[in-house]
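Computed from the coordinates by the stated procedures, all read-outs in this text should not be read as laboratory data. In this text the structure is predicted, and so the values were computed from the model without any measurement. Cβ sites come from the backbone with ideal geometry, for glycine too, and all protein chains shown count toward neighbours.
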Amino acid sequence: MSIHWKTDTDDNGVFWLCIDKAEADANVLSTDVLTELNDILDELAADPPAGLVLYSGKDGSFIMGADIGEFTTIESAGRAFELTRLGQQLFDRIEQLPCPTVAVVNGHCLGGGLELVMAFDYRIGPDTDSRIFGLPEVKLGLHPGFGGTVRAVNLCGVRAGMQLMLTGNPVNAKKARGIGLIDRIAGEDDWRHVAAALIDERPPQSRAPFVDRLMGLAPLRPLVRNMLVRQVAGKARRDHYPAPYAMIDLWAKHGASTKTGYVAEARSFADMMFTDTARNLIRVFFLQSKLKKQGGKAAKKVQHVHVVGAGVMGGDIAAWCALRGLTVTLQDRERKYVDPALQRAQKLFAKKVRDDAKRAETSARLRADVAGDGAAEADLVIEAIFENLEAKQALYEELQAKMKPGALLATNTSSIRLEELRSVLAEPQRFIGLHFFNPVAMLPLVEVIRCADTDREAMDVGFGFTKDIGKLPLECMSAPGFVVNRVLAPYMGEAMAMAREGVALVDIDKAAVRFGMPMGPIELADSVGLDIAKHVAGILTRDSDREMPPTDIEELVEQGRLGRKSGHGYYRWEDGKAVKPPSDRGPVPDDVEDRLILPMVNEAVACLDEGVVATADLLDAGVIFGTGFAPFRGGPINYATERGVDSVVASLQALAERYGGRFAPHTGWSGV
């Protein structure tokens, strides 16, 4: 008897197969699900039906992929190869059935789920703009293993197929149909009729476009391979992220051959699974889940947000909330300060919402509110004005007189302790921090900040709101710089100290990128704004015993060299890009990387030791999603343990002897 599959044969002899994983919100291809499918295929092979239609019993969701949790239980590459081959052979059985087969996708169809449906003769997608078809394995340090590297190229061609796999980014049904990934698009009301009609048609001969078949010829594959490698190399190093290069190598050698490609894919997949990169990226996948599980269920959902401060942060927070379905009022001193934020919002909506009617609805949810009337109706009020204690407190006194009972007040402060900010409030225990990062639309983390006595229900509202708008919450205790800014400060400070010493700017940035950071610290400082970096550093220095190295940042700010926004900071900026001069200052010091990275790691240990974040896992997750800390290294604490705590401490001591006490290992290392 099947637990995870439901079956029915209609009067026309068509076998309707429904995947509905028991006691689960989403379907995943776990071992027991695949075992039951194999048993069902035994029956179909012995007595073939007139046709087979696969669909999902989960509303709005098809198959999210393989059960990632099972990856961590595989003990060797040899065993991984065996299991991968079994999965491939199971999908081969579907492809070899003597009857027409149709897969009906009604929602997210990712990874192994998409590999499964590619084995069917026909594929039907839902009538939606949502990007639901994807092969995201590369984001776990892997590549498709159930035949995807072969079938995706054979169906879509090397250009579209490799793009799908190399980026890991999903596509919508319209795009999927355009590249040959699906054959039809149908709504909820007619997919059964469309599927039944396809059963009566002659199965299609799915072939990639002629140009792609030409590119797949053995003499031309090396040329295409070089092109693909250059494309990937611009975004990821082979030693950091080997999986995309392995995919390219598979295609270059086997050309998506159904005779040799599957076995080669399985061997490569097994090898990738046991790389440090895959192990750490799979860890990051589960860390993301831990962030999402923080907090209890709030008594009431936030539906109306009032944002005070229409600058870059406040305006972009407001726009993002409207995009995610909330009613938003945006307040500032005059309309002229709000209009630029509304204009930026329209650009965001145009990019994210393709349907004209839905985009109009989204725009209508965001409105200017110079008078601040929305504060009386809002469930959540977010203060996002400039970093000045007195100005914020004066605003809070006005807001608390307007806000309705039960509404929550939050601040987007990046550096001021909540204990100071809330001293003017009648209910200080219901005041929290919601610290977003710039750019709001791109960076996923929000620090949800509390004091020792903060009301738990208020925190739950903050968690619920953060998750409802598609962000990842990180619970932090109120402390100077919280987590992200605190960890970034010594990293950026040391970079600027090296610049003052005469180390070439590009060499400093290259060292960080070589480690795996998304951009170098000098470019990051210019992007954030040197005036903002100076202000945050000042607050962190004032509120802690941190020893900051000497830099030129004050002189640059006084000269009006603020970074990208002024056209000149450490770098000159043209068309939004840093103009980086060549390095001509002689040999690069061999300790540049450690001078940048180890202060971050040391500060992360301090945050953990002081209880700013509850666990090492949450700290690693916060630093990865908040700073871009090399994901393939698994976070600063994980990096330290993999490198060796004794080795890291010894390196910090050596740096302290050479450059000063700011490198002294924190006392918290004894607990790591």
If packing is taken as the average number of other Cβ atoms within 10 Å across a peptide's residues, how do 238-246, 473-481, 116-124 rank, most packed first?
116-124, 473-481, 238-246
Dipole magnitude (debye, nearest 20) for the stretch 5-274, charges at Cβ of Lys, Arg, Asp, Glu:
1960
If the chain between D355 and A614 were fully stretched, how many nm would it gain, using 0.36 nm times the residue separation less the Cα-Cα distance?
89.0 nm
What angle do you read, to the nearest 10 degrees and between 0 and 90, between the alpha-carbon axis of helix 261-273 and the longest principal axis of the chain?
30
Taking the convex hull of the alpha carbon atoms in the stretch 1-93, what volume per residue do you get, in Å³?
109
For K404, list the lysines whose Cα falls under 25 Å from its own Cα; do not include residues on the same chain fewer than 8 positions away.
K297, K300, K301, K392, K467
Quick check: Cα centre of the stretch 298-370 to Cα centre of the stretch 384-423, how many Å?
20
Hey, rough spin-label estimate for D39 and D373, points 7 angstrom out along Cα→Cβ, what's it come to in nanometres?
6.4
Pairing the Cα long axis of helix 456-468 with the longest principal axis of the chain, what angle in degrees results, from 0 to 90 and rounded to the nearest 10?
50
So what is the relative contact order for the stretch 485-671, in percent, with contacts set as C-alpha pairs under 8 Å and at least six apart?
24
Contact order relative to length of the stretch 493-542, as percent, for alpha carbon pairs under 8 angstrom and 6 or more apart
25
Place the peptides 523-531, 164-172 in order of packing, highest mean first, counting for every residue the other Cβ atoms within 10 Å and averaging per peptide.
523-531, 164-172
Cα radius of gyration and Dmax for the stretch 550-628 (Å):
17.4, 45
Pairs over 26 Å Cα to Cα, from K175/K290; K352/K471; K336/K580, come to K175/K290; K336/K580
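Taking R0 as 35 Å, what's the FRET efficiency between Q393 and D339 from their Cβ-Cβ distance, rounded to 0.05?
0.80
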Estimated distance in nm for a label pair at E574 and F210, the labels positioned 7 Å out from Cα along Cα-to-Cβ
4.3
Report, in deg cm²/dmol and to the nearest 500, the calculated mean residue ellipticity at 222 nm for the chain, where each DSSP H run with n ≥ 4 adds -39500 (n - 2.57) and the sum is divided by the residue count.
-15000 deg cm²/dmol
Taking the radius of gyration and the Kirkwood hydrodynamic radius from Cα positions alone, what is the Rg/Rh ratio for the stretch 5-274, to two decimal places?
0.95
Computed over the stretch 485-671, the Cα gyration tensor eigenvalues, each multiplied by 5 and square-rooted, give semi-axes in Å (largest first) of 27, 18, 16
Here the equivalent ellipsoid of the chain, derived from its Cα gyration tensor, has semi-axes (largest first, whole Å) of 46, 32, 23
Relative contact order for the chain, counting Cα pairs under 8 Å that sit 6 or more residues apart, in percent:
9
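Treat every Asp and Glu Cβ in the stretch 485-671 as -1 and every Lys and Arg Cβ as +1, leave all other atoms uncharged, and give the resulting dipole magnitude about the Cα centre to the nearest 20 debye. Spell out each step's value before the answer.
Details: 19 positive and 29 negative charges, 82 e Å.
With Lys and Arg at +1 and Asp and Glu at -1, about 400 debye.
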Taking the Cα centre of the chain as origin, work out the dipole magnitude from +1 charges on Lys and Arg Cβ and -1 charges on Asp and Glu Cβ, in debye rounded to 20.
1840
Any chance you could check the Cα centroid distance between the stretch 29-69 and the stretch 611-648 for me, in angstrom?
39
